[in-house]
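Here's the structure we're looking at; comments come further down.
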Amino acid sequence: MAAFAGPDAYTANIAEVLLTEDQIRAKVTDLAAAVSRDYEGRELLLVGVLNGSAVFLADFLRALSLPAEIEFIGASSYGNGTVSRGECRLTKDLDRPIQGKHALVVEDIVDTGRTLAAIVACLRSKGAASVEVCALLDKPSRRAVELCPRYVGFEIPDKFVVGYGLDFAQHYRGLPYVAVLKPEAYESRT
Ligand code: IMP
């Protein structure tokens, strides 16, 4: 597998920018305003899904106008490919009890919905006072299980996207926008 080298290593592989940095920033502000309004007076716990949600969660947390705790849960459904394997593995559990807290799962993208369905069930079983989902991106045409995020940033078509936390084979997470890769970028990496 060839290593990336040089400052343009990622951008050279971009076919199309789907969502710009400005569009994402404006949407994060709107989502945070809605959540701040809805959770006023409640103990809010943001549960970030590793690894993809780290970038979104960091911006979202700072855009909220109410106090919130954060926790992370780990899940894996893709390996190094671009198609969901149809199974979800929890790779990291929460570190603390969440009884009585209002959990808001913060996720980068909902695809089949399997990952979030498993996480929501897990948080409910741990006695959270409520469990809702805030996803930056949603591919509704791909849904395989019933999963309805309360907050969604953008609905996108059925394309594999990278950037703003989203990876292909663990790369591209640091791009500040959401993009589609050129076909050759997948070669030798799937
Ligand atoms: P689901 O369980 O099929 O809904 O898959 C959700 C997980 O798959 C997300 O947390 C992402 O990590 C990953 N994923 C889904 N679609 C994409 C994509 O277009 N690019 C990168 N990762 C994706």
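The values are calculated or read from the model by the stated rules, or taken from the named source; none is laboratory data. Remember, it's a predicted structure, so these values are computed and weren't measured experimentally. Note that we place each Cβ from the backbone using ideal geometry, even for glycine, and neighbour counts take in every protein chain shown. The accessibility values were calculated without ligands, DNA or RNA, using every heavy atom of the protein model including side chains. Shrake-Rupley method; radii C 1.70, N 1.55, O 1.52, S 1.80 Å.
Taking R114, is it open to solvent by 40 Å² or more (accessible area, probe 1.4 Å) and modelled with pLDDT under 95? Criteria met by R114. In this entry, E107 passes the filter for residues that are open to solvent by less than 20 Å² (accessible area, probe 1.4 Å) and within 13 Å of the ligand (Cβ to nearest atom).
State yes or no: is P157 within 12 Å of the ligand (Cβ to nearest atom), open to solvent by 10 Å² or more (accessible area, probe 1.4 Å), over 14 Å from the mean Cα position of the chain (by Cα) and of a type outside the set (S, T, Y)?
yes
Quick check, is A121 free of Cβ contacts under 8 Å to residues at least 12 places away in the same chain and outside any loop (DSSP other than H, G, I, E, B)? It is true that A121 is free of Cβ contacts under 8 Å to residues at least 12 places away in the same chain and outside any loop (DSSP other than H, G, I, E, B). Of the set (1) part of a helix (DSSP H, G or I); (2) over 17 Å from the mean Cα position of the chain (by Cα); (3) within 8 Å of the ligand (Cβ to nearest atom), all apply to L116 but (2). In the range 22-43, the qualifying residues are those that are open to solvent by 10 Å² or more (accessible area, probe 1.4 Å) and either in a strand (DSSP E or B) or hydrophobic (A, V, I, L, M, F, W, C) (or both), and the one that is nearest to A117 (Cα to Cα) is L31.
For the range 119-143, residues that are of a type in the set (A, V, I, L, M) and either more than 22 Å from V55 (Cβ to Cβ) or away from the ligand (no atom under 13 Å from the Cβ) (or both) total 5.
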